[in-house]
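No lab work stands behind these numbers, since they all come straight from the coordinates. Not measured: the values here are computed from a predicted model. Backbone-built Cβ (ideal geometry, glycine too); neighbour counts: all protein chains shown.
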Amino acid sequence: MLPGLTAAAAGEIADDARRTIEEFAFNAPEQPIRSTISIGVAARIGDERAGAMIKRADAALYSAKHSGRNKVEVAPDPA
């Protein structure tokens, strides 16, 4: 939750987090382990219910995963 930010600004913060995770290597005994993350972002618009916003963020997450993973996808505003 990033109160007061636009979806675009939240997407930029999410992408910073994604890059940090991508660049980090966990120290394992045999070799470093790298990982990636996909993130879905949505901004709450007006009196939209929190559950509806979460559904849009979840749909954005699955869109990011299906379009290549290791991405941030910002959900469009509700119509």
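Helix-derived [θ] at 222 nm for the chain: sum -39500 (n - 2.57) over DSSP H runs of at least 4, divide by residue count, nearest 500? Could the numbers behind the result be given before it?
Details: 2 runs with 34 residues, N = 79.
Taken over the chain, the calculation gives -14500 deg cm²/dmol.
Could you calculate the contour length gain from Ala25 to Ala9, that is, 0.36 nm times the residue separation minus the distance between their Cα atoms, to one decimal place in nm?
Numbers: separation 16, 0.36 × 16 = 5.76 nm, distance 2.67 nm.
Working it through step by step, the gained length comes to 3.1 nm.
Consider all pairwise Cα distances in the chain and report the whole-number % of them above 19 Å. Working shown, then result.
Details: 1263 of 3081 pairs.
For the chain, the share of Cα pairs beyond 19 Å comes to 41 percent.
Can you tell me the relative contact order of the chain? Whole percent, Cα pairs under 8 Å, sequence separation 6 or more.
Values: 114 pairs, mean separation 25.4, N = 79.
Rounded, it is 32 percent for the chain.
To the nearest 10 degrees, how steep is helix 7-23 against the longest Cα principal axis of the chain, on a 0 to 90 scale?
Helix 7-23 sits roughly 10 degrees off the main axis of the chain.
Which chymotrypsin sites (Phe, Trp or Tyr not before Pro) does region 1-73 hold that lie in a coil by DSSP with at most 16 other beta carbons within 10 Å?
Values: sites: Phe24, Phe26, Tyr62; in loops: Phe24.
Passing both the DSSP loop test and the Cβ count: Phe24.
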